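Bear in mind these aren't lab numbers, they're just calculated from the coordinates by the rules spelled out. Quick caveat: nothing in here was measured; it's all calculated off a predicted structure. Note that we place each Cβ from the backbone using ideal geometry, even for glycine, and neighbour counts take in every protein chain shown.
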Amino acid sequence: MTTQRVAIVTGAARGIGAEVARRLSSDGHAVAVLDLDEAACQSVVDGITAAGGRAIAVGADVSDEGAVKAAVERVAAELGAPTILVNNAGIIRDNLIFKMTVSDWDAVMAVHLRGAFLMSREVQVHQTKEKWGRIVNLSSTSALGNRGQVNYSAAKAGMQGFTKTLALELGRFGVTANAIAPGFIATEMTAATAERMGITFDDFKTAAAREIPVQRVGEPADIAHAVSFYASEGAGFVSGQVLYVAGGPKD
Ligand SMILES: NC(=O)c1ccc[n+]([C@@H]2O[C@H](COP(=O)([O-])OP(=O)(O)OC[C@H]3O[C@@H](n4cnc5c(N)ncnc54)[C@H](O)[C@@H]3O)[C@@H](O)[C@H]2O)c1
């Protein structure tokens, strides 16, 4: 039997985050569906509620210290102490370095790194008090280097170092921290990349699948499955790890 916990999933209005929220709910947890715009979270919340789960929509910018504090306080008041945190919110601002602006650099750092830091700092207060917690951070295969993504690849490599240090600091409190590094996952993020490149999403996916050993692109459910494992009771001895979920080996 799964112990019911309270989870916060950031960037959960759509894509990977939405699927992670649904999966953690079907695993038996109450879920705070957090994204920039509270109204945009409502359909995910409605879906969870219709399936018999418990969820609330929370609007917050993860890079805003005050908003993060208020959001975590609200979750604790309405659902109970949050002990599962999935730092999934993300943006891309791709460009070759000679064309990359300072604001493209700063925006990506703010959402991924500052956002994960602020959310984790707030949630670990509850986790350490409860003597149990799970933090799952979304990295990317881009952490290994990807043309046009100096900002994003630096942020996603940073997420891995951040994860390992969280594991070292929080382990004694029963809190694990792990990262998932997805390869190509079909979401609005990758659809937007196809559009920017001037090709259809279907053509983009077909071309990507040819390069992937399992010969298909990933779906949000592939990532939600990995999150479910890291968040589970039984994964308490797995910490500080980076799991590449990419249809083949990466390192
Ligand atoms: N799609 C992929 O192929 C892929 C691959 C590797 C890693 N990832 C990572 O997985 C995560 C989810 O990606 P996705 O494809 O579902 O992206 P997506 O663009 O479909 O969804 C991201 C969500 O994050 C939200 N968000 C953005 N900035 C925010 C902020 N400041 N505060 C709160 N929410 C914010 C957006 O509103 C959006 O709902 C991201 O961290 C992304 O970098 C995605």
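For the chain, the dipole from Cβ point charges (+1 on Lys and Arg, -1 on Asp and Glu) about the Cα centre works out to 620 debye, to the nearest 20. Helices in the chain, meaning DSSP H runs of at least 4 residues, each add -39500 (n - 2.57). Divided by all residues, the mean residue ellipticity at 222 nm is -14000 deg cm²/dmol.
With a ≥ b ≥ c taken as the square roots of the eigenvalues of the C-alpha gyration tensor of segment 1-74, please select rounded if a/c is under 1.5 and otherwise prolate if a/b is larger than b/c or oblate if it is not? Note, shape of segment 1-74 comes out prolate.
Here the convex hull built on the C-alpha positions of segment 155-196 has a volume of 79 cubic angstrom per residue. Rg over Rh for the chain works out to 0.95, both radii taken from alpha-carbon positions and Rh defined as the Kirkwood radius.
For the pair segment 184-251 and segment 112-139, the centres of their Cα atoms are 23 angstrom apart. Structural descriptor for the chain: relative contact order 19 percent, calculated from alpha carbon pairs under 8 angstrom and at least 6 residues apart.
Taking only the alpha-carbon positions of segment 128-176 and ignoring solvent, what does the Debye formula give for the base-10 log of I(q)/I(0) at q = 0.28 Å⁻¹? Here the Debye-derived log intensity ratios amount to -0.92.
Of 218, 50, 125, which is farthest on the positive side of the dipole of the chain, counting Cα position, with +1 on Lys and Arg Cβ, -1 on Asp and Glu Cβ, and the Cα centre as origin? Among 218, 50, 125, the one farthest towards the positive end of the dipole of the chain is 125.
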